[in-house]
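I have placed the structure first, in the form of structure tokens, so that the comments after it can refer back to it.
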Amino acid sequence: MSRQISTDHSLLSEAREKTEAMIDILYEPRTYRRVARKDYLATAKMRKPRKKQLRSALRKQLGYLHRNLKNIEKPEAYFLESPLTLRQALELVTITKLYRQQKYMYDHKTHSVEDRIVSITQPHVRPIVRGKARTNVQFGAKLAISVINGFAYLEKLSWDNFNEGMTFTEAVERYKLRHGFYPESVHVDKIYRTRGNILYCTKRAIRISGPKLGRPPKEPDPAVRKQAYRDALDRNCSEGKFGEGKRRYGLSLIKAKLQETSETVIIMNLIVMNLAHLYRGLFVFFSKSAFRATFLLLTSRFRPAAA
């Protein structure tokens, strides 16, 4: 919790410094920037500041930022007549929204707010709580993909958190649109095995992986266990696609700043992954063909002539 408050403290300090740069362009009022910087460093240099100290630091930075925003009046008008650049004008709109969010969280003593801003340069990025041991909170786009014959298809891309199970029916219908028929079976994680999704597959004669709903039997059928094991092996390819994209194609290190360019880079990564898979398949095909032709040529030379 203290780490989250410390992040808000740094974010407010960054917003304050950006508004001070805007004020320097417009006019030169008194902004208390040296005092504000000193107050920020007094808390930022602490190894483990207490909750009361962090809350006091937040209150001071909110006050400095509020004073700067009052000196910059009507931020909407700056898009046409202000000496500020377009980038500064967009940042000013983001900082104004950031101040309202931080002020709300400070007044209500909470650490969550709708569409919370965690980056001034990337206001579209949202914190997504994953609950993992290594990274409890992740930042970036969330993807839902389906893997068909080794090719990855993007089903949903969002900067907000969403339930993957809600994309199941859309993915299956999209499969029918591409191929003209429903799949024989789908291999999914537990989060996709809702009653609605299972009923959807039953009506369309689609076998969905995983055990049946309800209490498990005391003596499981060996054939069912064997089928579940095979389904788990088939489903591993979808998990492996995320690892392949992060490890080899930079899917975990998107350097683009804008939302549109970031989404373009993500889609390009998936396209390159599919092209690499297609290339490997063609390489294996032509290698087998070349080996078969060489083998037939060599065996025909040493074949004994008929009497």
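Only the coordinates and a few stated rules stand behind these numbers; no lab work does. Predicted model only: the values in this text are computed from it and were never measured. Cβ: placed from backbone, ideal geometry, glycine included. Neighbour counts: every protein chain shown.
For region 153-190, chymotrypsin sites (Phe, Trp or Tyr not before Pro) meeting the loop criterion (DSSP other than H, G, I, E, B) and having at most 10 other Cβ atoms within 10 Å: Phe181. Estimated from the Cβ-Cβ distance and a Förster radius of 30 angstrom, the FRET efficiency linking Ser10 and Leu157 is about 0.55. Relative to the longest principal axis of the Cα atoms of the chain, the long axis of helix 51-71 makes an angle of roughly 70 degrees.
Taking the inverse of the mean 1/r over every pair of distinct Cα atoms in the chain gives a Kirkwood hydrodynamic radius of 24.7 Å. Projected onto its three principal axes, the C-alpha set of region 2-123 covers 45, 33, 22 Å, listed from the longest axis down. Rounded to the nearest 10 degrees, the inclination of helix 33-44 to the longest alpha-carbon principal axis of the chain is 50 degrees. Across all directions, the average flat footprint of the convex hull enclosing the Cα atoms of region 129-285 is 12.0 nm².
Go ahead and run the numbers for FRET between Arg178 and Asp107, Cβ-Cβ distance against an R0 of 35 Å, rounding to 0.05. Step by step, r from the Cβ atoms, then E = 0.10. Relative to the dominant Cα principal axis of the chain, helix 259-301 is inclined by about 20°. With the helix formula -39500 (n - 2.57) applied to DSSP H stretches of n ≥ 4, the chain reaches a computed 222 nm mean residue ellipticity of -19500 deg cm²/dmol.
Listed peptides 231-242, 84-95, 211-222 appear in the order 84-95, 231-242, 211-222 once ranked by packing, highest mean of other Cβ atoms within 10 Å at the front. In the structure shown, the pairs Lys142/Lys190; Lys203/Lys241; Lys51/Lys109; Lys226/Lys288; Lys142/Lys255; Lys51/Lys103 are assessed against 21 Å; a Cα-Cα span above that value is assigned to Lys203/Lys241; Lys226/Lys288. Neighbours of Gly240 by Cβ distance under 12 Å: Lys/Arg scored +1, Asp/Glu scored -1, total +2. Positive contributions from Lys and Arg (+1) and negative ones from Asp and Glu (-1), summed over other residues with Cβ under 14 Å from the Cβ of Tyr40, come out at +4.
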